[in-house]
């Protein structure tokens, strides 16, 4: 079987890395031939993280032209094309339909990019039904949480969570007793804004308890809170999480957040951390309330959840060990690698 993966990024982009590239060993094992053609190259990712807006815009335009040319003139026949989200952002469905004519394709979503098309009045006029139309023409659509099943108007959706490689998370947190509680958040420029949701609670807690906020991947300062800034590196992220005590995932309550896949929680729990997160759909799927973490519905919930974990070492340990067990059972490539490969083979035979 030959599969062409049209990812959004190369390995430098987290969504493409975890949803596509990390499955390579399982594709090899199951004799699936594959090729990756990212829309945006490594220079784009570097410019995006350095906030170089002019270069980002130019690279987006050139990337669209490059992919269009590839599909028109360089594409060689394969059994299936798997597209990360869509061929091109902000391009009408008719263009993608033209390029995909006669081709067997599938879609993959770990972010609901149709949010902008539905909420922006101008985009809504041109693109409102683009994703539904693409989904209906696809052989199947893999999605990162079950909320998509009620949002995308198609009956060919398949659940595929964003998962981790247990071999990269071999260590488990052993020592839960500490003098200073380190609350950790890992993310990117686009998600750093969510820390403002918990800032008032952390400011209040810091006046009563010895706490520290470790922020991985974003340069941020919050008045009244001891913040430790850590540059994200794939080689060190696990150790940074292991040296923390509570993992958090605050989110706003909008359509965009409903489409997120809760991957931060998977990483925290793989390291044996208890977790606290906003009540987004994926978060409620991953967290078992009162067993490996707390789901937050309002501002008061944040304070209560933090205080329970700060004061109770045995509860942090109990939650952390339970969370690690859930990741081993449900959110690893060791569980999903062969399963996804088999699924691709089965779909190809139909």
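The values are calculated or read from the model by the stated rules, or taken from the named source; none is laboratory data. Note that the structure is a prediction, hence the values are computed from the model and not measured. No Cβ is skipped: glycine too gets one built from the backbone with ideal geometry, and neighbour counts run over all protein chains shown.
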Determine which single condition residue 96 fails, assuming it passes every other condition in (1) surrounded by 19 or more Cβ atoms within 10 Å (Cβ to Cβ); (2) touching a residue at least 24 places away in the same chain (Cβ under 8 Å); (3) closer than 19 Å to residue 259 by Cα. (3)
Within the stretch 289-316, count every residue that is touching a helix residue (DSSP H, G or I) at 6+ places or on another chain (Cβ under 7 Å) and either under 21 Å from residue 332 (Cα atoms) or assigned to a loop (DSSP other than H, G, I, E, B) (or both). 3
Among the candidates 224, 217, which residue alone is out of contact with any strand residue (DSSP E or B) (no Cβ under 8 Å at 6 or more places or on another chain) and either more than 15 Å from residue 283 (Cα to Cα) or free of Cβ contacts under 8 Å to residues at least 60 places away in the same chain (or both)? 224
Pair list, Cβ < 8 Å and 6+ apart or interchain, from the stretch 301-321 residues that are in the same structural domain as residue 289 (by TED's automatic domain parsing) and without any contact (Cβ under 8 Å) to a residue 40 or more places away in the chain to residues that are surrounded by 15 or more Cβ atoms within 10 Å (Cβ to Cβ) and part of a helix (DSSP H, G or I): 308/315
Residue in the stretch 149-158 that is in the same structural domain as residue 250 (by TED's automatic domain parsing) and over 19 Å from residue 248 (Cβ atoms) present: no
